[in-house]
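Chemist: Just passing along the structure, written as structure tokens.
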Amino acid sequence: MRTFVSAIAVLIGLAMAAVAVPAMWVDRNIVQEEGFVALTAPLGKDPAFQKRLATAAVNGMAFGGQQLPAPLEAVVKPILADAAQSLTSMPGYSEAWAETLRRSHRLSFADPRTLPPEVAGTTSLTLDVAPLVGLVVKRVSEASPVPIKAPEQVRISIGQSDQRQLIERVSAYAPMGTAVAVGSAIAFLLAFVAARRKWTVLAGTGLGALVLAGVWKFGSDAAGTMVQGVGSGNDVAGIFKREFVAAATASFGQWIVAALLAGGVLLAAGIVLRVVGGRRPASNNLP
């Protein structure tokens with residue numbers, strides 16, 4: 001009976017861990033703002049992405065509500081677009097990119113009831129690149145005889161419709177990963193306490209962790225391929241999606257490596273305990 005209880009507890013612990021680990025990663029790296037900023041910050045170093053982003057931002061800006069004469073606007077916009085190409089070398093760029101990511105995260109993960117009216121009805125993901133545009137406008141305005149006011153919002157759609165509904169579900173369920181992980185740990189502890197042969201719990205848990213690491217790897221690659229296969233709608237969205245998937249896969253890959261190491265250690269510990277336990281009776285029979 002104890003062996004049966006122990007085996008069931010190990011299986012339950014592994015099943016809970018299979019769900020808990022991906023959920024915890026999503027919560028820490030996507031749902032939580034600081035984790036999202038840290039994960040996506042390297043995209044700011046991609047020159048191709050930043051050039052397209054800057055061009056799209058300048059083309060979509062409205063000069064902060066400032067009414068410029070059409071001839072002047074026709075002259076100013078090309079100047080802004082040219083200045084935007086050196087965006088990554090401007091002082092304060094890292095801070096502006098981080099603020100862009102924070103604003104964008106709030107737009108995507110905020111309570112729909114708190115969203116600005118102009119985006120409340122949208123169902124796709126949105127980047128608010130106003131901090132980046134502000135850098136460009138400031139640089140051009142300093143050298144221009146006509147002061148230019150930076151816009152407060154410059155929003156670029158980077159996703160397809162109905163993605164906000166998916167985000168709402170992720171935001172609701174991902175934080176539960178920690179509680180599920182605690183339940184998984186309790187199940188493993190129960191299995192170890194109930195087991196007659198402790199080494200079988202260690203070895204079985206370690207082997208299960210190795211299998212889960214393979215499942216997570218397969219699932220991560222499949223999810224990345226599926227996301228890459230979804231239409232982007234524009235060049236900015238396409239590059240953002242590609243780089244985000246690469247960053248997310250690399251980040252979750254570190255968790256998979258940790259699971260492989262933990263599984264290998266537990267499996268080795270179980271084998272060692274079995275070998276040591278198997279030799280002990282023989283040593284007691286020596287004269």
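Chemist: Report Phe240's accessible area, 1.4 Å probe, all protein chains in place, as a number in Å² to the nearest 10.
Modeler: For Phe240, solvent-accessible area is about 20 Å².
Chemist: Next up: Collect residues whose amide H, placed 1.01 Å from N in the peptide plane, falls under 5 Å from the amide H of Thr126; neighbours closer than 5 in sequence don't count.
Modeler: Ile158
Chemist: So, one more: Order of 191-203, 171-183 by packing, highest average Cβ count within 10 Å first?
Modeler: Going from most to least packed, we get 191-203, 171-183.
Chemist: Could you give me the ³J(HN,Hα) list for the range 195-203, computed from phi with Karplus coefficients 6.51, -1.76, 1.60 and θ = phi - 60°, whole Hz, x at Gly and Pro?
Modeler: The phi angles translate into 5, 6, 10, 4, 5, 5, 5, 4, 5 Hz.
Chemist: In terms of Cα to Cα distance under 20 Å, which lysines are near enough to Lys138, apart from those fewer than 8 places away along the same chain?
Modeler: Cross-link targets: Lys51, Lys77, Lys149.
Chemist: HN-Hα J couplings of the range 216-230 from phi, Karplus 6.51/-1.76/1.60, θ = phi - 60°, integer Hz, Gly and Pro as x?
Modeler: Per residue, the Karplus-derived 3J(HN,Hα) values read 5, 5, 4, x, 5, 5, 5, 5, x, 5, 5, 5, 5, x, 7 Hz.
Chemist: Could you run the Karplus curve 6.51 cos²θ - 1.76 cosθ + 1.60 with θ = phi - 60° over the range 24-29 and give me ³J(HN,Hα) per residue in whole Hz, x for Gly and Pro?
Modeler: 5, 5, 4, 4, 6, 9
Chemist: Cross-link candidates for Lys217: which lysines have Cα within less than 24 Å, leaving aside residues fewer than 8 places away along the same chain?
Modeler: Lys241
Chemist: When the dipole is taken about the Cα centre of the range 176-253, and only Lys, Arg (+1) and Asp, Glu (-1) are charged at their Cβ, what size is it in debye, to the nearest 20?
Modeler: Charge dipole, the range 176-253, about its Cα centre: 480 debye, nearest 20.
The values are calculated or read from the model by the stated rules, or taken from the named source; none is laboratory data. Being a predicted model, the structure only gives us computed values, none of them experimental. With ideal geometry, Cβ positions are generated from the backbone for all residues, glycine too; neighbour counts draw on all protein chains shown. Note: areas computed on protein heavy atoms with side chains; ligands, DNA, RNA excluded. Shrake-Rupley method; radii C 1.70, N 1.55, O 1.52, S 1.80 Å.
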